């Protein structure tokens, strides 16, 4: 157990039996009232936002979270199988921990997974990935209006919008959070 004054933004706390990630943690001293800590925390599993005021002398439980790089191997039902790059040990990570960015996962890609006492609590894909275009309509000559986009399917099966000059077989960089085209890769 730790005092509320020892908590920092980015810590993972066990709060009301749930794991929460501290997003914002501010010390407040309003006029002649007692000081307190205003915390904005996000539930790790559900993503629900929680706001709470900690007294200065209140005790909190800071969870021991181990974060490491893993290699994505394959999909297995509701899980993604990842391998520790050092020990070659394999783990089943629930798909929902990756969120929307899971649709851009490709075999052999490095991902970050956080564990709290043998249980995976957070998973993160790289900010951007390089993928090959497997299908797109060819651009029509003279069809070069500013910022015109067309649909293209990448090797993971996801359809994204790309500029008209992108052709089938080109490699593109895609933002995994938004699913937007970033640039063409040479």
Project the alpha carbons of region 128-185 onto their principal axes and report the range along each, largest first, in whole Å.
31, 20, 18
Please report 89, 18 as a ranked list, fewest other C-beta atoms within 10 angstrom at the top and most at the bottom.
89, 18
Can you compute log10 of I(q)/I(0) for the chain with the Debye formula, treating each Cα as one identical point scatterer, at q = 0.12, 0.15, 0.19 Å⁻¹?
-0.73, -0.92, -1.17
Of the residues 150, 173, 106, which exhibits the maximal mean-square fluctuation in a Gaussian network model of the chain defined by a 10 Å Cα contact cut-off?
150
Give me 5, 101 ranked fewest to most by other Cβ atoms within 10 Å of their Cβ, as a rough exposure proxy.
5, 101
For the chain, set up a Gaussian network in which alpha carbons nearer than 10 Å are linked by springs, and say which option among 76, 170, 86 fluctuates the most.
86
Taking the simple approach of a point 7 Å from Cα along Cα-to-Cβ for both residue 49 and residue 83, what is their distance in nm?
4.1
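Every read-out reported here was derived from the displayed coordinates using simple, explicitly stated rules and does not represent laboratory data. The structure displayed is predicted, hence computed values, not measured ones. Neighbour counts run over all protein chains shown; Cβ positions are idealised from the backbone, glycine included.
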